[in-house]
Amino acid sequence: MIETVAFDADDTLWESEVYFARAQTQVAELLEMHANADEFSKTLLRIQLSNLGLYGVGAKGFMVSAIEATIAVAHREISGELVHEIIKIGQELLEHPVSFCAYAEETIARLCGQFRLLLITKGDSRDQERKIALSGVADFFDGIEIVADKSRKKYEEIFAKYGATPARTMMVGNSVKSDIVPVLDAGGWASLVPHPLTWPGEHHAEPVGHSKFLRAESLLQVPGLIEQASANTAYGRN
C-alpha cells in the first residue's frame with residue numbers, strides 16, 4: 001500500500017513558469033533593437049543551463065542569466081539603464097503572487113490524514129519559503145524539503161529521513177526530469193501531472209512502459225492513481 005505521497009510545488013501545486021515566461025518576454029521586448037525574441041530565448045536558455053551549478057533555478061538565477069544573455073546578444077552595447085530595467089523585472093518576479101493550479105487545494109486536503117504528505121520543491125530557499133508561507137498549505141504536510149537539485153540520491157536521503165519506503169511512496173509533479181525519473185530510479189512510484197508551460201531545461205522523454213510510472217491529466221486524478229498503485233503493490237505486481 002502507498003503510505004507516503006510527495007508533491008512538487010512549482011507548476012504542480014501553484015503557477016510558476018507563467019511568471020518566468022512573462023519576465024522573459026519583457027526582457028526580450030527591451031532588446032528589440034539588438035536581437036529578435038527567438039535569438040534571445042536560445043541564448044538565455046544556454047546561459048541558464050551553464051549557470052545552474054552557480055545559481056540553481058529561481059528568479060535570482062534568471063535575473064543574472066538574463067543580464068548575461070542581454071550582453072551577449074547586444075554584443076556588449078547596453079546601457080546601465082537597460083540593466084536596471086532587467087533587475088526591476090527580476091525583482092517583480094521575486095514578488096509574484098501564489099496562484100494555485102487546478103484542484104491543488106482540494107487534492108492535498110483530501111489526502112491529508114490518509115497518507116504521510118511531503119512537499120519537495122526545488123529552487124532558491126528564500127523564494128520557496130515565501131511561496132510556501134503565502135500558500136498557507138504548510139500544515140497539510142508532514143515534511144517540507146527545499147532542495148537545490150532533485151536527484152536519485154537526494155530523494156533517497158529525503159525518504160530515509162521521514163521513514164518512507166520507496167516502494168510505498170509516490171511522487172507527484174510536472175517535471176519528468178526532476179519529479180519522475182529520479183524517483184523511479186530510487187524504486188518509488190511517480191505520477192506525472194503535465195503543465196502547459198514547462199521550462200525547456202526540464203524537458204525529458206516520458207518513461208512510458210515503466211511499471212511504476214503513472215500519468216494524470218490533472219491533480220483531480222491523483223487519488224485514483226494512488227489507489228491503483230496501492231492495489232498493484234498489495235498484490236505484489238511491482
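The values are calculated or read from the model by the stated rules, or taken from the named source; none is laboratory data. Keep in mind the model is a prediction, meaning the values are calculated, not measured. Virtual Cβ from ideal backbone geometry, glycine too; neighbours counted across all protein chains shown.
Data for the structure
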quantity: A72 vs. criteria under 24 Å from E15 (Cβ atoms), without any contact (Cβ under 8 Å) to a residue 60 or more places away in the chain and surrounded by 14 or more Cβ atoms within 10 Å (Cβ to Cβ); calculated: no
quantity: Count - residues of segment 40-79 that are more than 29 Å from S125 (Cβ to Cβ) and over 25 Å from the mean Cα position of the chain (by Cα); calculated: 7
quantity: Matching residues, segment 139-175, being aliphatic (A, V, I, L, M) and over 27 Å from G201 (Cα atoms); calculated: A160, A164, A167
quantity: Residue match in segment 27-38 (condition: surrounded by 14 or more Cβ atoms within 10 Å (Cβ to Cβ), more than 16 Å from E202 (Cα to Cα), touching a residue at least 24 places away in the same chain (Cβ under 8 Å) and within 23 Å of the chain's Cα centre (by Cα)); calculated: yes
quantity: Residue within segment 220-228 that is within 12 Å of the chain's Cα centre (by Cα), in contact (Cβ under 8 Å) with a residue 60 or more places away in the chain and either in a strand (DSSP E or B) or under 29 Å from R22 (Cβ atoms) (or both) present; calculated: no
quantity: Boolean, V181 is crowded, with 21+ Cβ neighbours inside 10 Å, assigned by TED's automatic domain parsing to the domain that holds Q114, free of Cβ contacts under 8 Å to residues at least 40 places away in the same chain and in a helix (DSSP H, G or I); calculated: yes
